[in-house]
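Below: one structure, written as structure tokens.
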Amino acid sequence: MKFSLAINMERMSPGTDMQEVARHTLEMVQMADEAGFDITWAAEHHAIEMTIAPAPFQLLAWWGAHTNRIRLGTGVVVAAYWHPIKLAGEAAMLDLLTGGRLEFGLGCGAYQREFNRMARGLKTQESVPYMLEMLPILKQLWQGDYAHDGQFWSFPKATSCPKPLQQPHPPLWVAARNPVSFQWALDSGCNIMTWALTREFAEVETYMERFETALANAPAGTKRPRFMTMRHSAVYEKPDDWEPYVKSLQRVAAQFENLFRELGAVDNGFPEEIDLASLEHRAEYDPTMLRTNLMFGTPDEVIAKLKRYEALGVDDFLYYASYGLPMELQKKSLKLFINEVMPAFAEPSSKERVAVA
């Protein structure tokens, strides 16, 4: 099982120095690079301080210039916010400048607040067709001249300049949840990204079942794509050290639910925290449930949890580091993960990993 890192530039209050946030984010990526993480992922979000990511390719290019081998993933660019020619060119430019390290993730978006500002009020549930139309266009533009007359985009003959270094295109990823999205991903040659939020391990098992069903229904000779799952992660030294990690996650969850459902205000980029106790699914944010369901625990506890994912057939575990946690605790957790957890999953030929001081 391979490991990846999801890290955001985030501010939970106006008093946090943005330059310090940027430095911290790069240092986390450099730690992951040195430790042998496979991919680091940058999101796309707009006008919110909890995920400062208006230009994912710009951010990934910066990380790429200060790392040696870690691959650079968009997790994910939102199809409805882009024109295909611009998206194809920016992705290809990143791939070129980083020596072919792009992992291209495409998605539908999540926050209605963003769609109201970035996509003329498009409803989130109506964004899927944009992704379905976008991906085939990108594949054509990365190969050469192509003209398109579709539902959402139309343009005369054009091509991507530059072309991606990886041919025929960088590895493709798509976020999947329902059975149809799994089947479409396989038909389109995409790897699978899943996120069970704060739900039980059974949710991950459900996604794996849908993945295996889609693979069984695929045409003969279909190559098995990679299956990735993401969890909020925290490794701490003693069992009683859990509280600051859980409290940070609960705070971000209160903002996430606001953005996802438009339940409160957003002032100068900072979302209001809603009362989690008012939600029908409030049990998903209970401290005991969070500690049980997420990748939270001492090194031994996290290893035991990850072994279940490995046994299930998960190819890539995505360590989600950014959820309002103080920067020093983010680094402490990642160091423990690198030094105490990852060796339990090393290949026999690569047992000697780079320890982080």
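The values are calculated or read from the model by the stated rules, or taken from the named source; none is laboratory data. Here the structure is a predicted model, which is why all the values come from computation and not from measurement. Virtual Cβ from ideal backbone geometry, glycine too; neighbours counted across all protein chains shown.
Things to note:
- Residue tally, condition crowded, with 17+ Cβ neighbours inside 10 Å and either at pLDDT below 95 or of a type outside the set (Gly, Ala, Ser) (or both), over region 113-123: 5
Let's see how each residue does on (1) at pLDDT 90 or above; (2) surrounded by fewer than 20 Cβ atoms within 10 Å (Cβ to Cβ):
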site: 252; (1), (2): yes, no
site: 255; (1), (2): yes, no
site: 282; (1), (2): no, yes
site: 296; (1), (2): yes, no
site: 299; (1), (2): yes, yes
site: 314; (1), (2): yes, no
site: 330; (1), (2): yes, no
site: 335; (1), (2): yes, yes
site: 343; (1), (2): yes, yes
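- Filter result for residue 40 (in a helix (DSSP H, G or I) and either charged (D, E, K, R) or modelled with pLDDT of 95 or more (or both)): no
- Matching entry among 171, 179, 129 (being in contact with a Lys or Arg (Cβ under 6 Å, 6 or more places away or on another chain), in contact (Cβ under 8 Å) with a residue 12 or more places away in the chain and under 28 Å from residue 213 (Cβ atoms)): 179
- Verdict on residue 191 being surrounded by fewer than 18 Cβ atoms within 10 Å (Cβ to Cβ) and either within 30 Å of residue 254 (Cα to Cα) or touching a strand residue (DSSP E or B) at 6+ places or on another chain (Cβ under 7 Å) (or both): no
- Scanning region 203-248 for residues that are touching a residue at least 60 places away in the same chain (Cβ under 8 Å), in contact with a strand residue (DSSP E or B) (Cβ under 6 Å, 6 or more places away or on another chain) and buried (at least 18 other Cβ atoms within 10 Å of the Cβ) returns 204, 227, 228, 229, 230, 231, 232, 233, 234, 245.
- Annotation note: of 265, 253, 283, the sole residue that is in contact with an Asp or Glu (Cβ under 9 Å, 6 or more places away or on another chain), free of Cβ contacts under 8 Å to residues at least 24 places away in the same chain and at negative phi is 265.
- For residue 262: the one exception among (1) over 26 Å from residue 10 (Cα atoms); (2) at pLDDT below 90; (3) among the acidic types (Asp, Glu): (1)
- Scanning region 268-280 for residues that are surrounded by 16 or more Cβ atoms within 10 Å (Cβ to Cβ) and touching a residue at least 40 places away in the same chain (Cβ under 8 Å) gives 270, 271.
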